[in-house]
Amino acid sequence: MSNRHMARSIVMQSLYQWDFRGIKNVDLDSILNQNIDEFGIGLDKENIEYIKETTKKISTNNKKIEKKILEYSPDWRLDQMTLIDRNVLRIGVYELYFNKEIPEKVAINEAIEIAKNFGGQSSGKFVNGVLGAMYNDINKNKTN
């Protein structure tokens, strides 16, 4: 497993715990630090910074991110999605729309892999469908 893939997995695990505990009254920094200490052994400074920055920006932009998720999954409310799928989508949406350093296809492929590793049988397909539709619209808008 690559260091960046491990970093994304730690972001997903941290967001999962944050979401499971109710988001609003949860100290995301303590969850994040605990997960970095437990699972981030051997990660370099760049990947530790990626984890911290990504998690912080997802939490501060959560309303916008959730709006995008709902826009591209109209048949699903957020509370109907599994915690894994919802948080993998948060990472994917963040990387597609807010982090211009990550190539779009890499963001989607990584999200699919994390969904397959941590989610249910159809998680990879669900994440692929939502993020793929976003990708198509992003690229359609680039050509117009």
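The values are calculated or read from the model by the stated rules, or taken from the named source; none is laboratory data. Since the structure is predicted, the reported quantities are computational estimates derived from the model, not experimental observations. Glycine gets a Cβ as well: all are built from the backbone with ideal geometry, and neighbour counts include every protein chain shown. Please note that ligands, DNA and RNA were not included when accessible areas were found on the heavy atoms of the full protein model with its side chains. Shrake-Rupley method; radii C 1.70, N 1.55, O 1.52, S 1.80 Å.
Under a GNM of the chain (C-alpha, springs under 10 Å), which listed residue has the highest mean-square fluctuation: I102, I65, I112? Highest fluctuation of the listed residues: I102. Estimated at the nearest 10 Å², the accessible area of M6 is 60 Å² with a 1.4 Å probe.
Taking the accessible area of the chain, probe 1.4 Å, and keeping the other protein chains in place, the carbon and sulfur fraction comes to 49%. For the chain, the longest principal axis of the C-alpha atoms and the axis of helix 3-20 are separated by about 90°.
Applying 1/(1 + (r/R0)^6) with R0 = 22 Å to the Cβ-Cβ distance of E71 and K105 gives a FRET efficiency near 0.60. Backbone N atoms of region 85-107 closer than 20 Å to the 7 Å Cα→Cβ label point of R4 belong to residues 88-107. Positive-end ranking of S30, L15, I48 along the dipole of region 15-144, with charges on Cβ about the Cα centre, is headed by L15.
With 0.36 nm allotted per residue and the present C-alpha distance subtracted, the T82-S30 stretch has 16.4 nm of extension available.
For the chain, the solvent-accessible area of protein heavy atoms averages 56 Å² per residue (probe radius 1.4 Å; ligands and nucleic acids excluded).
In a reduced charge model with +1 at each Lys and Arg Cβ and -1 at each Asp and Glu Cβ, region 3-143 shows a dipole moment near 460 debye about its Cα centre.
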